[in-house]
1. Given the criterion at pLDDT below 95 and of a type in the set (A, V, I, L, M, F, W, C), identify the matching residue among Ala149, Ala167.
2. Identify all residues within the stretch 77-99 that are of a type outside the set (A, V, I, L, M), more than 15 Å from Ile55 (Cβ to Cβ) and under 15 Å from the mean Cα position of the chain (by Cα); write none if there are none.
3. Let me spell it out: the conditions are (1) part of a loop (DSSP other than H, G, I, E, B); (2) within 16 Å of the ligand (Cβ to nearest atom); (3) out of contact with any helix residue (DSSP H, G or I) (no Cβ under 8 Å at 6 or more places or on another chain), and Gly199 meets all of them except one. Which number is the exception?
4. Could you figure out which of (1) surrounded by fewer than 12 Cβ atoms within 10 Å (Cβ to Cβ); (2) closer than 18 Å to Ala198 by Cβ; (3) not charged (D, E, K, R) isn't true of Val240?
5. Taking the options Asp186, Asp223, name whichever one is touching a residue at least 12 places away in the same chain (Cβ under 8 Å), away from the ligand (no atom under 16 Å from the Cβ) and in contact with a His (Cβ under 9 Å, 6 or more places away or on another chain).
6. Considering only helices (runs of 4 or more DSSP H) fully contained in the stretch 76-173, which possess at least 3 residues that are buried (at least 17 other Cβ atoms within 10 Å of the Cβ) and more than 14 Å from the ligand (Cβ to nearest atom)?
7. For the subset of the stretch 19-34 comprising residues that are of a type in the set (Phe, Trp, Tyr) and part of a helix (DSSP H, G or I), which member is farthest from the chain's Cα centre (by Cα)?
8. List every residue pair whose Cβ atoms sit under 7 Å apart, with the two residues 6 or more apart in sequence or on different chains, where the first one lies in the stretch 55-70 and is among the aromatic types (Phe, Trp, Tyr) and the second, anywhere, is surrounded by fewer than 17 Cβ atoms within 10 Å (Cβ to Cβ) and part of a helix (DSSP H, G or I).
Amino acid sequence: MISTTRPRRRTVLMAGVISIAVLFSVYLCLLIWAKPMFEYRTVYGIYQVWSDRPISPAIRPVLDDVTRRLKTSAVHDASVPVEIYICNAPWRMWLYGMKFSTRYGGVADVWLTRHVIIRAADIAANRVVSPWPYPIPDEQHRPLSYFIAHEITHVDLSRRFGRTMVARYPEWLMEGYPDYVGKGGDFDFDANRAKFLAGAPELSRATSSLYLGYHLRVAYLLDKKHWTLDRIFAKPPSDVELDSWLRSGR
Ligand SMILES: [Zn+2]
């Protein structure tokens, strides 16, 4: 008798590998050619906004506010078109956000498409719709225009520092600078430093979903030490150094 166990196992394994490769390829195609899956579109300046629901004309003042925020960026090129996809249906956020979750405000694909993905939004109110029965954390400082400007800044950073930047730079910089730009100046440095010194949970990434602590570090280097963004990226200070500088106030 000749055993067929090994060849069968090999065949099953091969079929599994091929199935995963096909699924992955289909998924990549869906990400790259997202437009046909979004019925509604509006163009305003450099912004192409796609959505699965009719887009309120109020998107214009929201985008004007995004432009205002992006003026604080050292890496934004106002001549480069931006593609923004608003995913009102949870499954779209789950699929196009690439995190296979719906519990976040937005994401930017800096690896492949450079699309900006935004969760369900109430455009007329300039806010994202909370995935919880209560408002999103720090809602008053994070309108819809904040999320859009924050994600565009991720894309802008990837154009300047490369698609692999996430693997080469610290998280406080990768998220702190988009938060800095996204807030568009709506940040009280002294109040947030006082909270940091007091050990407030919202200033710690470990105990909060917010980037306030990261923002504080970036604001300190840019606005207090007057470093350029290129200088920060050339040699980002360590967490220990930054916390020490912030504590001493020097
Ligand atoms: Zn971010």
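The values are calculated or read from the model by the stated rules, or taken from the named source; none is laboratory data. Bear in mind that the values here come from a model prediction, so they are computed numbers and not experimental data. Heads up, the Cβs are rebuilt from the backbone with ideal geometry, glycines too, and the neighbour counts pull from every protein chain shown.
1. Values: Ala149 fails: at pLDDT below 95.
Result: Ala167 is the single residue among Ala149, Ala167 that is at pLDDT below 95 and of a type in the set (A, V, I, L, M, F, W, C).
2. Filtering the stretch 77-99 down to residues of a type outside the set (A, V, I, L, M) leaves 77, 79, 81, 83, 85, 87-88, 90-92, 94, 96-97, 99.
Among the residues that remain, those that are also more than 15 Å from Ile55 (Cβ to Cβ) are: 77, 79, 81, 90-91, 94, 96-97, 99.
Passing the criteria: Trp94, Tyr96, Gly97, Lys99.
3. Against the list (1) part of a loop (DSSP other than H, G, I, E, B); (2) within 16 Å of the ligand (Cβ to nearest atom); (3) out of contact with any helix residue (DSSP H, G or I) (no Cβ under 8 Å at 6 or more places or on another chain), Gly199 comes up short only on (2).
4. The failed condition is (2).
5. Values: Asp223 fails: in contact with a His (Cβ under 9 Å, 6 or more places away or on another chain).
Exactly one of Asp186, Asp223 is touching a residue at least 12 places away in the same chain (Cβ under 8 Å), away from the ligand (no atom under 16 Å from the Cβ) and in contact with a His (Cβ under 9 Å, 6 or more places away or on another chain), namely Asp186.
6. Details: elements: 90-96, 144-161, 165-168.
In the stretch 76-173, the matching helices (runs of 4 or more DSSP H) lie at 90-96, 144-161.
7. Quick first cut of the stretch 19-34, residues of a type in the set (Phe, Trp, Tyr) only: 24, 27, 33.
Retained after the next criterion (residues that are part of a helix (DSSP H, G or I)): 24, 27.
Numbers: Phe24: 23, Tyr27: 20 Å.
Ranking the qualifying residues of the stretch 19-34, first place goes to Phe24.
8. As it stands, the answer is none, since no pair meets every condition given.
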